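Quick notes on the structure that follows.
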Amino acid sequence: MNSGQKTFDSVIALSAVFVALVFVVACLAPWIAPYGLGGMESQQMLQTPSPSHWMGTDGLGRDLLTRILYGARVSLAVGLGTALISLLLGTTYGLLAGFKGGNWDHLLMRVVDIFYGLPDMLIFILLSLLFGRNIGGLLVALGLVGWVRFARIARGQVLQTKELLFVESARALGASRGRILLWHILPNIVGPVIVTLTFSIPSAILAESTLSFIGIGINDPYSSWGTSWGTLAQDGYRAMRSYPHMIAFPAAAIFLTILSFNTLGNGLRDLLDPKQK
Amino acid sequence: MLHLLLKRCLHGLLVLWVVATLTFLLLRIAPGGPFDSERKLPPEVIANLEAKYHLDEPLWRQYLRYLGGVAHGDLGPSYKYLDRGVTEIIAETLPTSLVLGSLAMLFAVLVALPAGLLAAYFRNSLIDRCCMSVAALGISLPNFVLGALLIWGVALQLGWLQIGRWDDWSSVILPTITLAAAPTAFLAALLRSTLIETMGEDFVRTARAKGLKEIWVIAKHALLHSLIPVLTVMGPLAAALLTGSFVVEYVFAIPGMGRFFITAVTDRDYPLIMGVTLVYTTLLVGANLIVDLLYGLVDPRIIRVE
């Protein structure tokens, strides 16, 4: 193992720690946040970081650290929720396409191609008009875009796997098609699907924070869940000239979270699929 | 070749039609109308507005009317900007977005090509690791964060460039870098990995065996071969640039189509949303068509197979 490999490993370990931290923060936000979510103090407006407000306060006197801690819940909920929806939709679709083969496969994948070619953000925005700008609607919109990746991966893996000898022998032993699909093919595509899952979490987080930043994301200013980091960054962006701390912290939170998930995904890919390295 | 071109064009038209139809339906069933406002309008006014925009007709007739208009280049009236049609608004704002997008694409290719080459040539060295770490950071950095960072650092702190204007060459620098960053990083990493893979191929060994210098082996033989995967991602990359332009135009207050799209979404200005969506799709279909043709140039085998 050379030194480059060691640095790489420690970077992955660091990312894993950060991801775990985001999880913990999201779960425990009400207990670890220094202030209440709705707490505003008109005497404490627009303060720069200080011992009583580590990340300063915003234009309404709300503690920024508290808002960022709560915001982790929005990001994680969106990331995980989207990943799960895309996983279920896409994997089922891809499995069917790959397993059926022939004209079915051709037709199903043509639909995937059309979706794949369109800009994600365009589809999110159009769908968000339909489903409304709440967390549920956003999850559905993001999921309806994200499934395409899973469909492609799952189908490709099925096509590869179903020609392998152990599948042929199962077939020769008289296993039903459903049994082959569930017991022999599915377990063999788990690796690449997990890698895709790891990468789809940060892209959902990125999409959500971007939409919130440009003002067409989740539109629920008094949510008991917390406010999206993207919305916090947008607030900060408006006040950036005089109060750069207001954008610095939310932006850092978004960047570090996405970076950690991506790094973790790369590490997992190398681990589960050494061929690709 | 002609056959291939025709087939691709037809496929492109099909995609456009599907997108137009789906968007049309989607916007009709979306809750909330364009004339919902804080104050409730009297029913007569609403009836008049609906009659003016043909919203009182049956759905299929509205749909046919819209498709007919699109075929003639008329994207309908805007609900928000009463004095201008959608076609006019797009004609005014599209050039700005195209300039920004093309500059970003150029930037991405011009930076990613040498960076990928260097990283592959000096693989596993310090240069390689630096390039790839920067690329990893670039892929994870949201463009609104980068844009804000550049505005804060370069424009506000250093005072080198002005922001909030779009009139001379200096005002395009920061938006171009912001838009191009993620595609550049992605392209460089992709080029590096394909180059390294290609280096193991037989024809590369032959080139080495005949005594070519390593740098020429890479630049002439391996690079050409590695362009195919790079071309493959050019279509999705064009999509990424289009999407990025919403955000970059918002951050830098550039009067392009993306910014109008975002305001159209908040205003529920349906004809404008549909028009912009169609233009984006057309651009994408066009980009993919060009990529397909370039494929044929880079690898003539593809045409013969088709």
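Filtered by the rule that a residue be aliphatic (A, V, I, L, M) and farther than 30 Å from B:Arg259 by Cβ, the stretch A:86-128 gives A:Leu87, A:Leu88, A:Leu89, A:Leu95, A:Leu96, A:Ala97, A:Leu107, A:Leu108, A:Met109, A:Val111, A:Val112.
From the list B:Ala108, B:Ala112, B:Ala120, B:Ala155, the one residue that fits, being away from chain A (no Cβ under 14 Å) and more than 24 Å from the chain's Cα centre (by Cα), is B:Ala120. Which residue pairs have Cβ atoms under 6 Å apart, sit 6 or more places apart or on different chains, and have a first residue in the stretch B:140-155 that is hydrophobic (A, V, I, L, M, F, W, C) and a second that is part of a loop (DSSP other than H, G, I, E, B) and surrounded by fewer than 22 Cβ atoms within 10 Å (Cβ to Cβ)? What qualifies is B:Ile151/B:Ile163; B:Trp152/A:Met240; B:Trp152/A:Pro244; B:Val154/B:Trp160; B:Val154/B:Leu161; B:Ala155/B:Leu161; B:Ala155/B:Ile163. The residue that is nearest to the other protein chains (Cβ to nearest Cβ), among those in the stretch A:187-206 that are within 27 Å of B:Phe260 (Cβ to Cβ) and out of contact with any Ser or Thr (no Cβ under 8 Å at 6 or more places or on another chain), is A:Leu206. State whether the residues of the stretch A:113-121 include one that is free of Cβ contacts under 8 Å to residues at least 40 places away in the same chain and assigned to a loop (DSSP other than H, G, I, E, B). So far as the stretch A:113-121 goes, yes, one or more of its residues are free of Cβ contacts under 8 Å to residues at least 40 places away in the same chain and assigned to a loop (DSSP other than H, G, I, E, B).
The rows are residues; the columns are (1) aromatic (Phe, Trp, Tyr); (2) more than 14 Å from chain A (Cβ to nearest Cβ); (3) touching a Lys or Arg at 6+ places or on another chain (Cβ under 8 Å).
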site	(1), (2), (3)
B:Phe203	yes, yes, no
B:Val217	no, yes, yes
B:His225	no, yes, no
B:Leu242	no, no, no
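Looking only at residues of the stretch B:158-188 that are more than 21 Å from the chain's Cα centre (by Cα) and aliphatic (A, V, I, L, M), we find that the one that is surrounded by the most Cβ atoms within 10 Å (Cβ to Cβ) is B:Ile163.
Residue count for the stretch A:142-177, restricted to those that are of a type outside the set (A, V, I, L, M), part of a helix (DSSP H, G or I) and surrounded by 17 or more Cβ atoms within 10 Å (Cβ to Cβ): 9. Of the residues making up the stretch B:63-77, just one is over 15 Å from B:Val279 (Cα atoms), of a type outside the set (Phe, Trp, Tyr) and in contact (Cβ under 8 Å) with a residue 24 or more places away in the chain, namely B:Pro77. Restricting attention to the stretch A:42-73, the residues that are part of a helix (DSSP H, G or I) and of a type in the set (Val, Ile, Thr) total 2. Report, by residue number, each residue of the stretch B:88-108 that is farther than 15 Å from B:Val248 by Cα and either touching a Phe, Trp or Tyr at 6+ places or on another chain (Cβ under 7 Å) or surrounded by 18 or more Cβ atoms within 10 Å (Cβ to Cβ) (or both). Answer for the stretch B:88-108, where residues must be farther than 15 Å from B:Val248 by Cα and either touching a Phe, Trp or Tyr at 6+ places or on another chain (Cβ under 7 Å) or surrounded by 18 or more Cβ atoms within 10 Å (Cβ to Cβ) (or both): B:Ile89, B:Ile90, B:Phe107, B:Ala108.
In the condition set (1) modelled with pLDDT of 80 or more; (2) among the β-branched types (Val, Ile, Thr); (3) within 25 Å of the chain's Cα centre (by Cα), A:Ile180 is compliant with all but (3). Against the list (1) at pLDDT below 85; (2) buried (at least 23 other Cβ atoms within 10 Å of the Cβ), the condition B:Tyr280 fails is (1).
Taking residues in the stretch B:233-246 that are within 9 Å of B:Ala287 (Cα to Cα), and partners anywhere that are of a type in the set (Val, Ile, Thr) and part of a helix (DSSP H, G or I), the pairs with Cβ atoms closer than 6 Å and at least 6 places apart or on different chains are B:Met234/B:Val291; B:Gly235/B:Val291.
Table: residues versus (1) within 22 Å of the chain's Cα centre (by Cα); (2) at pLDDT 80 or above.
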residue: B:Met1; (1), (2): no, no
residue: B:Leu4; (1), (2): no, no
residue: B:Leu14; (1), (2): yes, yes
residue: B:Trp17; (1), (2): yes, yes
residue: B:Leu26; (1), (2): no, yes
residue: B:Lys40; (1), (2): no, no
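Considering B:Leu146, B:Leu150, the condition of being under 18 Å from B:Phe252 (Cα atoms), in a helix (DSSP H, G or I) and within 10 Å of another protein chain (Cβ to nearest Cβ) is satisfied by B:Leu146 alone. Counting only residues that are buried (at least 24 other Cβ atoms within 10 Å of the Cβ), farther than 18 Å from A:Phe23 by Cβ and in contact with a Gly (Cβ under 8 Å, 6 or more places away or on another chain), how many does the stretch A:68-92 have? Residues in the stretch A:68-92 being buried (at least 24 other Cβ atoms within 10 Å of the Cβ), farther than 18 Å from A:Phe23 by Cβ and in contact with a Gly (Cβ under 8 Å, 6 or more places away or on another chain): 2 in total. Residue check: A:Leu139 meets all listed conditions (1) more than 14 Å from chain B (Cβ to nearest Cβ); (2) surrounded by 20 or more Cβ atoms within 10 Å (Cβ to Cβ); (3) farther than 19 Å from A:Asn219 by Cβ but one, namely (3). Just so you know, in the stretch A:101-136 the residues that are at positive phi and more than 14 Å from chain B (Cβ to nearest Cβ) include one that is modelled with the lowest pLDDT, and it is A:Gly101.
Filtered by the rule that a residue be of a type outside the set (A, V, I, L, M, F, W, C), within 11 Å of chain B (Cβ to nearest Cβ) and either over 21 Å from the mean Cα position of the chain (by Cα) or more than 23 Å from A:Pro49 (Cβ to Cβ) (or both), the stretch A:222-242 gives A:Gly236, A:Tyr237, A:Arg238, A:Arg241, A:Ser242.
Set side by side, the residues A:Gly226, A:Gly215 differ, and just one is without any contact (Cβ under 8 Å) to a residue 40 or more places away in the chain, at positive phi and assigned to a loop (DSSP other than H, G, I, E, B), which is A:Gly215. Considering only the stretch B:227-306, give the helices (runs of 4 or more DSSP H) lying wholly within it that have at least 1 residues that are within 14 Å of the chain's Cα centre (by Cα). Per the criteria, B:257-267, B:270-298.
Being more than 9 Å from chain A (Cβ to nearest Cβ) and free of Cβ contacts under 8 Å to residues at least 40 places away in the same chain, is that true of even one residue in the stretch B:278-288? Within the stretch B:278-288, not a single residue is more than 9 Å from chain A (Cβ to nearest Cβ) and free of Cβ contacts under 8 Å to residues at least 40 places away in the same chain.
Scanning the stretch B:242-264 finds one or more residues that are closer than 18 Å to B:Val109 by Cβ, modelled with pLDDT under 85, among the aliphatic types (A, V, I, L, M) and out of contact with any strand residue (DSSP E or B) (no Cβ under 9 Å at 6 or more places or on another chain).
The values are calculated or read from the model by the stated rules, or taken from the named source; none is laboratory data. These numbers come from a predicted model, not from an experiment. Glycine also receives a Cβ, built like all others from the backbone with ideal geometry; neighbour counts cover every protein chain displayed.
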